[in-house]
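The values are calculated or read from the model by the stated rules, or taken from the named source; none is laboratory data. Just so it is clear, the structure is predicted and the values come from calculations on it, not from any experiment. Positions of Cβ are backbone-derived with ideal geometry, glycine not excepted, and every protein chain shown enters the neighbour counts. When the accessible area is computed, the model is the full protein with side chains, heavy atoms only, and any ligands, DNA or RNA have been set aside. Shrake-Rupley method; radii C 1.70, N 1.55, O 1.52, S 1.80 Å.
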Amino acid sequence: MNTDTRIAGLSGVRKRYGSIVALDGIDLDIHRGELVALLGPNGAGKSTSIGLLLGLQRADAGEVVLFGGDPQEIATRRRIGVMLQSAELPPTLKVGELLRLTASYYPAPRDPTECAAIAGITNLLDRRYGKLSGGQQRRVQFALAIVGGPELLFLDEPTVGMDIDARQSLWAAIRRMLREGCAVVLTTHYLEEAEALADRVCVIAKGRVVSQGSVDSLRAHVALRRIRCITTLDAAAIAAWPEVVSVDMQQGRLTIATAQAEVVVRRLLDGDPALCELEVQRAGLAEAFQEITRDTDAVQEAA
Amino acid sequence: MTTIDSTATIVMRPGRIVAAYIEEARAECLRYLRNPGFLLPTLLFPSVFYLMFGVFLGRANGPDAPLYLLASYGTFGVMAPGLFGFGVSLALERDTGLLTLKRALPMPPGAYLLGKMCMALLVVAMVSVIMLCLAVFLGGVHLTPSRIATFFVLEVLGVLPFAALGLFIATLVKGQGAPGVVNLVYLPMAFLSGLWFPLSIMPSFLQAIAPLWPAYHLNRLALDAVGLGDGVVWPHAGVLAGFTVALVLLAARRLRRYG
């Protein structure tokens with residue numbers, strides 16, 4: 001297909017380590033210019049999926065494609081940038097030297113000073129890598145990931161160990177790469193990170209994509225909404241209403257989980273005109289994520 | 001409909017590929033020259049031993065002792081950069097994720113190992129210059145320029161079998177266990193090859209198995225280079241070359257299979 005915007009992907013990929021099934025027929029597409037967030041519990045298969053797309057491992061079955069080729073070939077990897085979760089870079093090399101070395105691997109690298117500016121490490125170029133704080137080292141690794149001028153960027157847990165400011169500025173740097181047309185595959189444990197950045201979220205569990213879509217559609221998977229308010233109504237009586245899933249009373253503040261927030265709110269206001277501090281919230285990605293992985297567990301246990 | 005050409009190949013000019021190899025070697029040399037934990041013992045052990053036993057105490061053992069011990073401690077000095085600079089560093093980097101990152105990046109194949117080899121050659125060149133200076137200026141050793149040149153070249157190339165041995169060990173043991181394993185090879189081999197005490201004063205059994213160790217053969221070549229040999233050169237050189245090739249092939253097989 002000539003109109004295909006898919007630049008990388010896994011089709012029906014299986015991978016086992018001994019008796020452990022890491023990937024169980026996973027399908028994953030990455031399209032030009034988009035940010036895909038891979039979410040899932042530890043051991044779900046995120047790292048194995050990334051490892052296959054980087055050519056670090058070979059699939060037992062199925063097809064792994066990177067820019068129409070095999071990721072184990074160096075020519076295809078010249079179009080990607082990589083930031084791995086656990087890579088200790090040489091501590092005695094200076095940041096500028098690391099950038100220069102990594103840039104040398106690519107046919108048309110970006111200007112290292114520009115990369116340093118994007119990653120916010122301009123003032124660290126003459127410092128030795130081993131002398132930097134954890135957050136600074138992560139930013140250096142990000143600069144190394146973009147120095148090759150990649151069309152696809154793999155970021156494995158990029159903001160682990162960063163404070164809020166550093167995380168925000170890395171997010172800004174990632175958004176800048178997206179604006180330039182670079183696609184990003186992001187794995188993260190921080191759901192707010194996926195919410196802040198992702199065009200598309202893939203939830204991986206037990207070696208498969210169990211759900212994918214926009215952050216909104218993922219949240220819509222979870223129909224529940226939360227109503228919080230302060231009321232004189234009896235919590236036990238509310239719990240008996242047919243629309244209410246659960247009720248929780250903490251320090252005079254009532255939290256109700258329901259699929260039909262509008263109906264419940266109307267009944268609450270009718271029942272207690274003095275009700276105050278009313279809040280209605282859609283479940284966050286955290287709840288959606290929990291619900292989806294729990295559903296998968298239930299299905300697998302039932303099967 | 002937009003057509004997106006997702007299979008356009010980006011050509012890496014040959015000049016840039018060569019540059020990548022050079023950058024890798026440069027970075028590898030820089031990082032170890034800045035690491036005193038590696039550099040100081042590697043340079044100081046052979047030179048301090050030689051200074052004590054070869055220069056200060058050596059002359060008591062006869063006029064040839066400083067020359068004889070230049071060969072022995074020179075050989076000893078060649079072993080560490082190969083075994084530690086190559087083997088231990090590779091074993092550690094297989095464990096810390098650096099090698100994984102390099103494999104994911106489009107680093108030219110072989111640049112990583114070639115870079116480490118350049119670093120080992122450079123360090124051995126430094127060890128050899130220090131040893132030769134000690135011998136000539138402090139030990140009163142007389143060597144013709146051609147013998148000095150032969151000794152230097154032999155020592156520098158002599159790191160290759162030990163780098164190959166280090167590489168092979170690194171494919172067997174990864175992480176923090178590697179330095180211990182390498183020391184278990186390094187120190188006994190130096191002793192059993194007659195680098196610390198002449199083989200002639202050792203039990204005949206140990207003399208008989210000495211040809212098993214690459215350090216024995218390199219020492220024989222080093223003795224020949226300084227003019228104390230028996231003229232037998234090619235069998236020793238052949239054994240070292242064969243040993244190097246065999247271990248590199250074994251290591252390559254293991255790396256391909258287990259990464």
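Structure notes:
- Check on A:GLY68, farther than 28 Å from B:ALA25 by Cα, open to solvent by 10 Å² or more (accessible area, probe 1.4 Å), more than 22 Å from the chain's Cα centre (by Cα) and not acidic (Asp, Glu): yes
- Some residue of region A:2-12 being in the same structural domain as A:GLY207 (by TED's automatic domain parsing), over 20 Å from A:GLY69 (Cβ atoms) and part of a strand (DSSP E or B): no
- Options A:LEU89, A:LEU101, A:LEU93; residue that is facing chain B (nearest Cβ under 8 Å), at negative phi and within 25 Å of the chain's Cα centre (by Cα): A:LEU89
- Test: residue in region B:55-62 that is hydrophobic (A, V, I, L, M, F, W, C), buried (at least 18 other Cβ atoms within 10 Å of the Cβ), closer than 19 Å to B:PHE151 by Cα and at pLDDT below 95: yes
- Of the helices (runs of 4 or more DSSP H) lying entirely inside region A:113-204, not one carries at least 1 residues that are polar (S, T, N, Q) and open to solvent by less than 10 Å² (accessible area, probe 1.4 Å).
- Flag if B:PHE151 is more than 22 Å from B:LEU250 (Cβ to Cβ), assigned to a helix (DSSP H, G or I) and aromatic (Phe, Trp, Tyr): yes
- Within region A:78-107, the set of residues being open to solvent by less than 20 Å² (accessible area, probe 1.4 Å) and assigned to a helix (DSSP H, G or I) comprises A:VAL95, A:LEU98, A:LEU99, A:LEU101, A:THR102, A:ALA103.
- Residue that is farthest from the other protein chains (Cβ to nearest Cβ), among those in region B:113-124 that are of a type outside the set (Val, Ile, Thr) and open to solvent by less than 10 Å² (accessible area, probe 1.4 Å): B:ALA120
- Residues in region A:16-64 that are part of a loop (DSSP other than H, G, I, E, B) and under 29 Å from A:GLU180 (Cα atoms): A:ARG32, A:GLY33, A:GLU34, A:GLY40, A:LEU54, A:GLY55, A:LEU56.
- Restricting region B:182-204 to residues that are open to solvent by less than 50 Å² (accessible area, probe 1.4 Å) and under 17 Å from the mean Cα position of the chain (by Cα), the residue that is farthest from B:LEU221 (Cα to Cα) is B:VAL182.
- B:ASP64 vs. criteria over 23 Å from A:ARG78 (Cα atoms) and within 14 Å of chain A (Cβ to nearest Cβ): no
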